[in-house]
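Below is one structure, written out as structure tokens; the observations come after it.
The values are calculated or read from the model by the stated rules, or taken from the named source; none is laboratory data. Everything numeric in this text was worked out from a predicted model, so none of it was measured. Here the Cβ positions follow ideal geometry from the backbone for every residue, glycine too, while neighbour counts run over all protein chains shown.
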Amino acid sequence: MNLTVNGKSLPVTSPPDTPLLYVLRDELGIDSPQFGCGLAQCGACSVLVDGQEVRSCVTPASMAVGKEVTTLEGLPARWAARKHSAQNQATQNAKEALHPVQLAWIEQQVPLCGFCQSGMMIKATELLEHKPNPTDAEISEAFTTGGVSPHLCRCGTYIAIKDAVRHASKLMAEGEV
Ligand code: FES
Ligand code: FES
């Protein structure tokens, strides 16, 4: 099967029921998604599939066939594509620039150990693409430690994450063309 990951169509030889996380990390060498719980309970492995956050530890790779998988490594190009038309030279330049979510995470100095942060930035990207100006309650709900879609940070960076999401929202609004 072939998977489209961060804009590239890549051949995959793993069995179709292999968790997407293992294919990304072990076969394709894309190592931003992390193995935390392996039970869809922490969000460390989260990636976007057609713009929706997916727990790649429990998602068969075959589920992503014909869809667009985006990892942390693909966020700059995702942002560039959103801002500019294809084949534009500016797009090529923008692909080198970080996504506003990544910039906000750096400016707010969010990570401590960093293990959970790829999944956190993927979740923030999904949230802001669907709700460009989320309320505090919506941000809190996105980064819950319980419920149906928990995102766990054992270092307790939740306050910094919420600040960074608010900051990223402003950066994205300023950066739209
Ligand atoms: S490793 Fe997938 S949700 Fe925890
Ligand atoms: S920064 Fe260490 S687990 Fe979140």
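Candidates THR59, THR13, THR4: the one that is in contact with a helix residue (DSSP H, G or I) (Cβ under 9 Å, 6 or more places away or on another chain), touching a residue at least 12 places away in the same chain (Cβ under 8 Å), within 14 Å of ligand 1 (Cβ to nearest atom) and not aromatic (Phe, Trp, Tyr) is THR59. Scanning the stretch 16-54 for residues that are within 16 Å of ligand 1 (Cβ to nearest atom), aliphatic (A, V, I, L, M) and not in a helix (DSSP H, G or I) returns ILE30, LEU39, ALA40, ALA44, VAL47, LEU48, VAL49, VAL54. Of the residues contained in the stretch 35-49, none is found to be touching a helix residue (DSSP H, G or I) at 6+ places or on another chain (Cβ under 6 Å), away from ligand 2 (no atom under 16 Å from the Cβ) and more than 16 Å from MET121 (Cα to Cα). The C-beta contact set for the stretch 147-165 (first residue of a type in the set (Asp, Glu), second residue at pLDDT 95 or above, distance under 7 angstrom, 6+ apart or interchain) comprises ASP163/GLN108. In this structure, SER140 does not satisfy being within 19 Å of THR71 (Cβ to Cβ), at pLDDT below 95, surrounded by fewer than 19 Cβ atoms within 10 Å (Cβ to Cβ) and not acidic (Asp, Glu). Within the stretch 116-137, the set of residues being surrounded by fewer than 18 Cβ atoms within 10 Å (Cβ to Cβ) and either within 13 Å of ligand 2 (Cβ to nearest atom) or of a type in the set (S, T, N, Q) (or both) comprises ASN133, THR135. Looking at this structure, is VAL69 of a type outside the set (Lys, Arg), crowded, with 20+ Cβ neighbours inside 10 Å and in contact with a Ser or Thr (Cβ under 7 Å, 6 or more places away or on another chain)? When the stated conditions are applied, VAL69 passes them. Among the conditions (1) closer than 22 Å to VAL49 by Cα; (2) modelled with pLDDT under 95, ASN88 misses just one, which is (1).
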